[in-house]
Amino acid sequence: MVNNTVQLGKNVEIGENVVIEDNVSIGDNVVIGHNVVIKRDTVIGNGVQIGDLTQLGKSPSSNKKMARKPERNLTPLVIEDDVTIGCNSVIYRNVQLKKGVFVGDLTSIREKVTIGEDSIVGRNVMVETNTQVGKKVTIQTGCYITADMVIEDDVFIGPCCSSSNDKYMGMGNFEHQGPIIKKSAKIGNNATLLPAVTIGENAIIGAGAVITKDVPAGKTVVGNPGRVIK
Amino acid sequence: MVNNTVQLGKNVEIGENVVIEDNVSIGDNVVIGHNVVIKRDTVIGNGVQIGDLTQLGKSPSSNKKMARKPERNLTPLVIEDDVTIGCNSVIYRNVQLKKGVFVGDLTSIREKVTIGEDSIVGRNVMVETNTQVGKKVTIQTGCYITADMVIEDDVFIGPCCSSSNDKYMGMGNFEHQGPIIKKSAKIGNNATLLPAVTIGENAIIGAGAVITKDVPAGKTVVGNPGRVIK
Amino acid sequence: MVNNTVQLGKNVEIGENVVIEDNVSIGDNVVIGHNVVIKRDTVIGNGVQIGDLTQLGKSPSSNKKMARKPERNLTPLVIEDDVTIGCNSVIYRNVQLKKGVFVGDLTSIREKVTIGEDSIVGRNVMVETNTQVGKKVTIQTGCYITADMVIEDDVFIGPCCSSSNDKYMGMGNFEHQGPIIKKSAKIGNNATLLPAVTIGENAIIGAGAVITKDVPAGKTVVGNPGRVIK
């Protein structure tokens, strides 16, 4: 299963029933679980841990109806040193997981995404394409991170938050733009963020709030629709 | 792993560690990923692509407390031509995926469900039993599609929408009925639909709205509880 | 794949590509699906059924930023008689699934959790650490059950409910406490429960409600923020 196009570091543990496709590179002291699939070209740094039954380096696919066709010739998935990835997760090509990132179980990250150093992406989180996540960000379990979104450093996103990037829901007359969450903002669980809203630095969004317009820095917003309370 | 009860078309690529149970039929030009499990009787058309670590053709199970016991002797899972299915997904017996359907990663579809031609079922979507989805429907990532629901052609459902089918939450005095979403309606992200509501043709439901009663055709509804705004 | 540290009961069916690590114990009449991974020390009772592509007995991991470091030397995962577990699920060490429990597909349960007799944990449910679930509880598909939560007997939780346990969202000045849901309470779909709220016995929470304070026994609460309606 490991052919001679694969570069293997020192002290690598590989589980049973693992498939490693061509041209994969694996650093030192890496642990790869059982029944893992690593697609061609994936680059894995030192000290990385991969849970069982996870797939790394997927190429995006589509059907006739999909407006946004996946790009061809994407660069490989790059997993930097000391990253930990859970079980039953699916991570695409052209993703960069920076040093020390943690990705939970049953999570999927699409292409054209960077997750910054030491950030946490919890269990069952879905990250869409073309989104940038800063350093030391926490994205808790069950969040949906839409495409074309920016999440700055030190942001905290509680469980099950949802976001979107298309004001006209598929009718095609809006340039796709996800929310922009500025440094150190905090989002409560199950909050809903509409397309293109900006959440200011250190702003706080209450649990279950629906954010339909920009939130100024340092303000707290709750309710549906969200209103500033202090 | 492929015994002589399996019918294999021309030009079929089968990954490593794949399990194909008895009486499966696979068309021409099919690609099956690594570590895939295909349960007995499954029917796969031409040009179908199956992601790694996916299970196809599951028989439902239950426990003592479950009100709705799964039916026996369900017909097989039928996957028509040019369907694409992601990684780590679970699709039950007695599902029909019509021509050109796209199913994302980490998605599960229960028995007695039809997904119409060219429709999209995104990543991490859960579809319950006895639900009918029309043609060219988009169900975005993270949606929960309850049982006994009807989704007509050209409907768009944004990410993380939730629905339910049991007004009395397990107390047993309501005939189960999910929402009915009429042709070309659009549902915003993280909206909540109560049992048995009808969303009229071309109606628009705002992100985060809670829909407690029927929405007339062409109307826009937002808020909690949802109210018509135009 | 099954070495001599594994204790195997009578009439055990083991699928293909299954990995069973050291010191696992398996009772009589157990069915283990294909491509399953069972980690060391796991204890499986009689009549248990495990779906394909599931991982049992995971040890928690973490990264530098995580406030709550996983404990070492956790006791094994214990699965009692007649438990059914779905496909592509991930269940940690130090979990107890009591007799007759049902766990759906694509579900994950963290360490230090007990699920009581005959309870149902639906598909794609995420249960966090240090949470206790009583007997005959129903947790429907897509729910997020936070850490440090108590769910008493006969509770019904509709699909996609969300909860949290940290009032200050990672700022560290609140003792973590999830919601407490008392006996026979019912929670509607996509409801949001804030940290440390108590839902009284037989209380009813409407679909999409946001619960910011305690709900008295027998009362019905709807809206955002939730208010008592009867």
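State whether the residues of the stretch B:8-21 include one that is in contact with a Lys or Arg (Cβ under 8 Å, 6 or more places away or on another chain) and in contact (Cβ under 8 Å) with a residue 12 or more places away in the chain. Before the answer, list the steps.
First pass over the stretch B:8-21, keeping only residues in contact with a Lys or Arg (Cβ under 8 Å, 6 or more places away or on another chain): B:21.
Retained after the next criterion (residues that are in contact (Cβ under 8 Å) with a residue 12 or more places away in the chain): B:21.
The answer is yes; a qualifying residue exists.
Starting from the stretch A:118-131, keep only residues that are within 8 Å of chain C (Cβ to nearest Cβ), then list their pairs with residues that are open to solvent by 20 Å² or more (accessible area, probe 1.4 Å) and not in a loop (DSSP other than H, G, I, E, B) whose Cβ atoms are within a distance under 8 Å, requiring at least 6 positions of separation or different chains.
A:S119/A:F102; A:I120/A:F102
Quick check on the stretch C:39-50. Is at least one of its residues modelled with pLDDT of 95 or more, closer than 27 Å to B:Y144 by Cα and open to solvent by less than 20 Å² (accessible area, probe 1.4 Å)?
Step one: list which residues in the stretch C:39-50 are modelled with pLDDT of 95 or more, which gives C:39-50.
Applying the additional criterion that residues be closer than 27 Å to B:Y144 by Cα yields C:49-50.
Okay, now just the ones that are also open to solvent by less than 20 Å² (accessible area, probe 1.4 Å), so C:50.
Yes, that holds for at least one residue.
Go through the stretch B:33-55 and give me each residue that's closer than 12 Å to B:L8 by Cα and in a strand (DSSP E or B).
B:V43, B:I44
Could you list, in sequence order, all residues of the stretch C:2-18 that are of a type in the set (S, T, N, Q), more than 14 Å from chain B (Cβ to nearest Cβ) and farther than 11 Å from C:V31 by Cβ? Walk me through how you get there before you give the answer.
Let us first name the residues in the stretch C:2-18 that are of a type in the set (S, T, N, Q), namely C:3-5, C:7, C:11, C:17.
Now restrict to residues that are more than 14 Å from chain B (Cβ to nearest Cβ): C:3-5, C:7, C:11.
Correct list: C:N3, C:N4, C:T5, C:Q7.
Restricting to the stretch C:171-189, count the residues that are assigned to a strand (DSSP E or B), more than 16 Å from C:V121 (Cα to Cα) and open to solvent by less than 20 Å² (accessible area, probe 1.4 Å).
First, the residues of the stretch C:171-189 that are assigned to a strand (DSSP E or B): C:180-181, C:186-187.
Narrowing the set further to residues that are more than 16 Å from C:V121 (Cα to Cα) leaves C:180.
After this cut, where a residue has to be open to solvent by less than 20 Å² (accessible area, probe 1.4 Å) as well, the list is none.
Count: 0.
Considering every residue within the stretch B:170-177, establish whether at least one is within 7 Å of another protein chain (Cβ to nearest Cβ), in contact (Cβ under 8 Å) with a residue 24 or more places away in the chain and under 18 Å from the mean Cα position of the chain (by Cα).
Initially, the stretch B:170-177 is screened for residues within 7 Å of another protein chain (Cβ to nearest Cβ), giving B:170.
Applying the additional criterion that residues be in contact (Cβ under 8 Å) with a residue 24 or more places away in the chain yields B:170.
Pick out the ones that are also under 18 Å from the mean Cα position of the chain (by Cα) and you get none.
No, the stretch B:170-177 contains no residue that is within 7 Å of another protein chain (Cβ to nearest Cβ), in contact (Cβ under 8 Å) with a residue 24 or more places away in the chain and under 18 Å from the mean Cα position of the chain (by Cα).
Looking at A:K182, A:K230, A:K213, can you tell me which residue is at pLDDT below 95 and out of contact with any Cys (no Cβ under 9 Å at 6 or more places or on another chain)?
Working: A:K182 fails: at pLDDT below 95; A:K213 fails: at pLDDT below 95.
None of the other options fit; the residue is A:K230.
Checking A:T75 against (1) within 14 Å of chain C (Cβ to nearest Cβ); (2) over 27 Å from B:T138 (Cβ atoms): exactly one of these is not met. Which one?
Condition not satisfied by A:T75: (1).
Given the stretch C:81-128, what strands (runs of 3 or more DSSP E) lie entirely inside it while holding 2 or more residues that are among the acidic types (D, E) and open to solvent by less than 10 Å² (accessible area, probe 1.4 Å)? Even if it seems obvious, please write down each step before you answer.
Working: elements: C:90-92, C:95-97, C:113-115.
Counting at least 2 such residues, we get no strands (runs of 3 or more DSSP E) at all.
When you look at C:K58, is it within 10 Å of chain A (Cβ to nearest Cβ) and either open to solvent by less than 30 Å² (accessible area, probe 1.4 Å) or not β-branched (V, I, T) (or both), yes or no? Let's see the steps before the verdict.
Working: within 10 Å of chain A (Cβ to nearest Cβ): yes; either open to solvent by less than 30 Å² (accessible area, probe 1.4 Å) or not β-branched (V, I, T) (or both): yes.
Answer is yes for this residue.
Would the stretch C:189-207 turn up any residue that is under 26 Å from A:L106 (Cα atoms), away from chain A (no Cβ under 14 Å) and under 21 Å from the mean Cα position of the chain (by Cα)?
no
Scanning the stretch B:70-80 for residues that are under 25 Å from A:V90 (Cβ atoms) and not in a strand (DSSP E or B), which turns out least open to solvent (accessible area, probe 1.4 Å)?
The extreme case among them is B:L77.
In the stretch C:145-165, what residues are part of a strand (DSSP E or B) and closer than 19 Å to B:N165 by Cα?
First pass over the stretch C:145-165, keeping only residues part of a strand (DSSP E or B): C:145, C:150-151, C:156-157, C:162-163.
Passing the criteria: C:F156, C:I157, C:S162.
Can you tell me how many residues within the stretch C:78-97 are within 11 Å of chain A (Cβ to nearest Cβ) and farther than 25 Å from A:I139 by Cβ?
Keep residues of the stretch C:78-97 that are within 11 Å of chain A (Cβ to nearest Cβ), which gives C:87-92.
Remaining after also requiring farther than 25 Å from A:I139 by Cβ: C:87.
The number of residues fulfilling the criteria is 1.
Here is a list: B:V222, B:V228. Which entry is more than 10 Å from chain A (Cβ to nearest Cβ) and over 22 Å from the mean Cα position of the chain (by Cα)?
Numbers: B:V222 fails: more than 10 Å from chain A (Cβ to nearest Cβ).
Matching residue, one of B:V222, B:V228: B:V228.
For (1) open to solvent by less than 40 Å² (accessible area, probe 1.4 Å); (2) aliphatic (A, V, I, L, M); (3) within 21 Å of A:V222 (Cα to Cα), each residue gets a yes or a no:
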{"residue": "C:I139", "(1), (2), (3)": "yes, yes, no"}
{"residue": "C:G142", "(1), (2), (3)": "yes, no, no"}
{"residue": "C:I151", "(1), (2), (3)": "yes, yes, no"}
{"residue": "C:D154", "(1), (2), (3)": "no, no, no"}
{"residue": "C:M169", "(1), (2), (3)": "yes, yes, yes"}
{"residue": "C:I204", "(1), (2), (3)": "no, yes, no"}
{"residue": "C:G208", "(1), (2), (3)": "yes, no, yes"}
{"residue": "C:V221", "(1), (2), (3)": "yes, yes, yes"}
{"residue": "C:P225", "(1), (2), (3)": "no, no, yes"}
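The values are calculated or read from the model by the stated rules, or taken from the named source; none is laboratory data. Bear in mind that the values here come from a model prediction, so they are computed numbers and not experimental data. No Cβ is skipped: glycine too gets one built from the backbone with ideal geometry, and neighbour counts run over all protein chains shown. Side chains included, ligands, DNA and RNA excluded: accessible areas come from the protein's heavy atoms. Shrake-Rupley method; radii C 1.70, N 1.55, O 1.52, S 1.80 Å.
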